[in-house]
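The values are calculated or read from the model by the stated rules, or taken from the named source; none is laboratory data. Only a predicted model underlies this, so the values are computations on that prediction, with no experimental measurement involved. Glycine also receives a Cβ, built like all others from the backbone with ideal geometry; neighbour counts cover every protein chain displayed.
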Amino acid sequence: MKKVNTVNPAHLEATLLSMMEPFFITTTNKLPFHGAGTAANNGISVSPVACAIDRPRRVLYRSVDKMMHIVANLTKEPTKNSEYLQGVHAPQPNEISIPKARVTGTLPADLVGMFVNVNPNPQYLPIGGYHMFEGDGALTSVRILGDGHATFAYTHFDTAKRQHEMELGRSNELSIMAMRGYSGLVLVLMDALKRKLEKRKYLRSTANTNIEEHGGRLYALWEGGLPYELSITSDGTSLQTQRQLVYDEYEGPFSAHPVAHPTNGNWYSVSYMLENPTCDAAIVVLDANSQFIRNVPLQLGRKPMIHDAAVTNNYVVVLDLPVLLTPEEILKPNGSLIRMHEDKPGHIGLFPVDGTSEADIIWFEVPSCAAFHTLNAHDTADGVVLHLCQFPRFNLLAMKDIGDPKLVRYELNVRTGAVDISTHELGLDDKFGHGTYVDFPFVNPGRVGRDARYGFGSVGVPSLDRKNVRNRGVCKFDLHTGEPAAGILFPGDGLGEAGFVSKKDAVSEDDGYLLQFVKCDDGNTVMNVYDAVDMCDTPIATVHAPDGFHVPSGFHSQFIDSNMLDQMYLKM
Ligand SMILES: [Fe+2]
C-alpha cells in the first residue's frame, strides 16, 4: 500500500494517456460526416482485425492476447460469478422469431408498429470480469400488426466486435471490472499494446444501449463507439445491424443519447472522450438527414462520463457532472476508474443550438451529483428548465451504491446566472416500498424539448439492505402541479425502459398507451400494454413470449410506428 501513496496521480494519468496516444480520437471543426447512404460507410462485414495486420504483428498480438487471459485468470475473480450474469441479467444464447405470439386481452386497433428493447447479451465474457454495459447488443421485439395479432422475437445484433470475437473464439475486450490493482494496470498496458498492434483507434460498439430514429433511419447506439444503422429482418419481426457509420476524420465516439432539436430536426450528440488528452468531450451536430454540420470540442479540465443531454429550441444542455475518470484509482484494490467525486461540484452548460465554440456555453455551477438521464428540458423567458434523474453517489464498478436518487428540477437563468433547484417527490412508497425512485424517464415524444405536463419513468425499488434494485413499475407524474405520481405495479420485473404511444385520437398529452417488457414472477416474459390515463395495474393486452424463454433485462426501448417500418421495407 505504501507504493500506492508514492504514485503521483497526475504523472500516472499522463503515463496512461500517453500509452493510449496512438488511439486518440481526432477532433477538429471541419469533420465531414459520412451518413447513411454514402460510399464511406464501413459495413459490418469488415475483415477481422487480427487477420488485417501483417504476420509478425499478428503473432505478437495473439501472444499478448493470450497473456492477458492468463494474467486475468490468475489475478481476477472468475467472470462467471458476475452479478450481471445472474437472474434477469442472465444471457440468452438463442434467437427466436414467433410469427403469431399468444395474445391475451385485446390489442388496440390504433396501436400498430414494433416495440423493441435493446439489451446486453455477451457472446463471450470479457477478459477479467464483466459489467452489464459491456454485453453484446441484442433486441427483444414485438410487432403489433393491427389485426389483434402480434409477433415476438429475440435477435442478436451482428456487430464487428461480435464477428471478430467469433473468429477468435473468445472475447477480445478487457473488462473495466479488471482495471483494479497492479494486475489491472498490467492488463490495461497489455490492452493498449494489443490495440496498437490492431491499429484500432476507438472502441468497438456493442450496440447495446439505445435505439433512436433519425432522418428516416434507425440506429443502435453505444457511447463508446459509432452508431449502427438498422434494417428490418426478412420476416418482419425484428431489426438487424446493417452497417456502421464512420466519419472521414472524426472517429467517434458518439453518444448513446443524441437528441433531436424540437423543430428543425438537427441531431446533437454530447460525447465524452476518456482516452483523448486534448479534448474531454464534444458536441457533434448532424442535420435532419444525418449529414455532418459541425463538431465542437470541449476542454472541461476533467474527464466526466456524460451519458445523456437535452435539447430545447434555444439550447443544448451539457452535463459536466463529477462522475470522473480517475486513473490513480487503478492501483487501489477496490478503486474505481470511474466514480463520482462528492467533493467536486457539477456544471450544467447551455450551448446555443447554433453555437460554434465552447466559449458560447453558459455554465452554471450546481451541487455535486451523478445522473444518467434527463427527463426533459424546455425554454423559459429567462433560460431553461431541466428535469434530471440524479443520484447522490455513483461508482461504475459498484452501481448498487447510489444513495437516495431524486427527480430534480433545475431552473437556469441566463440573465442573472441564478440556479433554482427543487425536488419532485414521487409519493409512491406506499405502493412500491421505501426508497422508490424514478429513472429511464421520458415524456410524450411530441413534448421532447418543450414544456411537458407529464413525465413518465421506471420505478426503481431498492431492497431493504440496498444491495439490489428491482424495476417494479412505471409511473406518471404531473410536472406542473407536483402532485404525487400514479404508478402501475408490474407482475414481476420490468425489463428496461417503458414506451409511450399516443392514441390515434388523443385528447390530452397523456392519452396513450404505455408498453413494457416484464419478466413475470412465474418466470415467463410478456409485453404488456397499459392505459396511460387510468394507470391501472391490469394491462389492456399482453403479448406472451414462449413459455420458459428467458429474455435478459435491457436498457432503452423504442416504439417504431408503421410508417417507419414501411420505409424500412422499401429500403430492403
Ligand atoms: Fe441511457
>> I'd like to verify a number: residues in the stretch 236-259 that are among the hydrophobic types (A, V, I, L, M, F, W, C) and within 16 Å of the ligand (Cβ to nearest atom), how many?
In response: 3
>> If a residue must be under 23 Å from the mean Cα position of the chain (by Cα) and either touching a residue at least 40 places away in the same chain (Cβ under 8 Å) or surrounded by fewer than 12 Cβ atoms within 10 Å (Cβ to Cβ) (or both), how many such residues does the stretch 49-86 contain?
In response: 5
> Restricting attention to the stretch 260-277, which residues are within 19 Å of VAL323 (Cα to Cα) and either touching a Leu at 6+ places or on another chain (Cβ under 6 Å) or more than 16 Å from the ligand (Cβ to nearest atom) (or both)?
Replying inline: MET273, LEU274, GLU275, ASN276, PRO277
>> So, in the stretch 450-491, exactly how many residues are within 28 Å of VAL316 (Cα to Cα), of a type in the set (Ser, Thr, Tyr) and in a loop (DSSP other than H, G, I, E, B)?
In response: 1
> Only one residue in ASP429, ASP439, ASP420, ASP451 is within 21 Å of VAL533 (Cα to Cα) and without any contact (Cβ under 8 Å) to a residue 24 or more places away in the chain, so which one is that?
Replying inline: ASP429
>> So, GLY512, is that one among the small types (Gly, Ala, Ser) and touching a Cys at 6+ places or on another chain (Cβ under 9 Å) or not?
In response: no
> Which one of these does ASN208 not meet: (1) touching a helix residue (DSSP H, G or I) at 6+ places or on another chain (Cβ under 8 Å); (2) closer than 22 Å to ASN276 by Cβ; (3) not β-branched (Val, Ile, Thr)?
Replying inline: (2)
> Restricting attention to the stretch 464-490, which residues are in contact with a helix residue (DSSP H, G or I) (Cβ under 8 Å, 6 or more places away or on another chain) and over 18 Å from LEU407 (Cα atoms)?
Replying inline: LEU489
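To keep it simple, each residue is scored yes or no on (1) over 24 Å from the mean Cα position of the chain (by Cα); (2) crowded, with 23+ Cβ neighbours inside 10 Å; (3) of a type outside the set (A, V, I, L, M, F, W, C); (4) within 17 Å of ASN119 (Cβ to Cβ).
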site	(1), (2), (3), (4)
PHE477	no, yes, no, no
HIS480	yes, no, yes, no
PHE490	no, yes, no, yes
LEU495	no, yes, no, yes
GLY499	no, yes, yes, yes
LYS503	yes, no, yes, no
ALA506	yes, no, no, no
>> Here is a list: GLU509, GLU483. Which entry is modelled with pLDDT of 95 or more and of a type in the set (D, E, K, R)?
In response: GLU509
> Which members of the stretch 387-398 meet the condition of being closer than 21 Å to ALA309 by Cβ and assigned to a loop (DSSP other than H, G, I, E, B)?
Replying inline: PHE394, LEU396
> Can you spot a residue in the stretch 555-566 that is within 16 Å of the ligand (Cβ to nearest atom) and either farther than 28 Å from ASP136 by Cβ or not in a strand (DSSP E or B) (or both)?
Replying inline: yes
> For GLY225, are the conditions met, namely being out of contact with any strand residue (DSSP E or B) (no Cβ under 7 Å at 6 or more places or on another chain), modelled with pLDDT under 90, surrounded by 18 or more Cβ atoms within 10 Å (Cβ to Cβ) and not charged (D, E, K, R)?
Replying inline: yes
> What is the number of the single condition among (1) among the small types (Gly, Ala, Ser); (2) away from the ligand (no atom under 16 Å from the Cβ); (3) at pLDDT 95 or above that GLY433 does not meet?
Replying inline: (3)
> Does SER508 meet the test of being assigned to a loop (DSSP other than H, G, I, E, B), within 16 Å of the ligand (Cβ to nearest atom) and of a type outside the set (Asp, Glu)?
Replying inline: no
>> Regarding the stretch 160-176, can at least one residue be identified that is within 16 Å of the ligand (Cβ to nearest atom), among the small types (Gly, Ala, Ser) and in a loop (DSSP other than H, G, I, E, B)?
In response: no
>> When you check VAL507 against the structure, is it of a type in the set (A, V, I, L, M, F, W, C) and touching a Pro at 6+ places or on another chain (Cβ under 9 Å), yes or no?
In response: no
>> Being buried (at least 21 other Cβ atoms within 10 Å of the Cβ), away from the ligand (no atom under 16 Å from the Cβ) and not in a loop (DSSP other than H, G, I, E, B) is true for just one of VAL384, VAL438. Which residue is that?
In response: VAL384
> In the stretch 170-210, which residues are surrounded by 23 or more Cβ atoms within 10 Å (Cβ to Cβ), within 17 Å of the chain's Cα centre (by Cα) and aliphatic (A, V, I, L, M)?
Replying inline: ALA207
>> Would you confirm whether or not the stretch 227-235 contains a residue that is within 16 Å of the ligand (Cβ to nearest atom) and either under 29 Å from ALA398 (Cα atoms) or hydrophobic (A, V, I, L, M, F, W, C) (or both)?
In response: yes
> Which members of the stretch 512-532 meet the condition of being in contact with a Lys or Arg (Cβ under 9 Å, 6 or more places away or on another chain) and part of a loop (DSSP other than H, G, I, E, B)?
Replying inline: ALA532
> Among all residue pairs at least 6 apart or on different chains, which show Cβ distances below 9 Å where the first residue, located in the stretch 259-279, is part of a loop (DSSP other than H, G, I, E, B) and the second is surrounded by 19 or more Cβ atoms within 10 Å (Cβ to Cβ) and among the acidic types (Asp, Glu)?
Replying inline: MET273/ASP280; LEU274/ASP280
>> Residues to consider are LEU185, LEU168, LEU125, LEU174; find the one that is out of contact with any helix residue (DSSP H, G or I) (no Cβ under 6 Å at 6 or more places or on another chain), more than 30 Å from ASN528 (Cα to Cα) and touching a residue at least 24 places away in the same chain (Cβ under 8 Å).
In response: LEU168
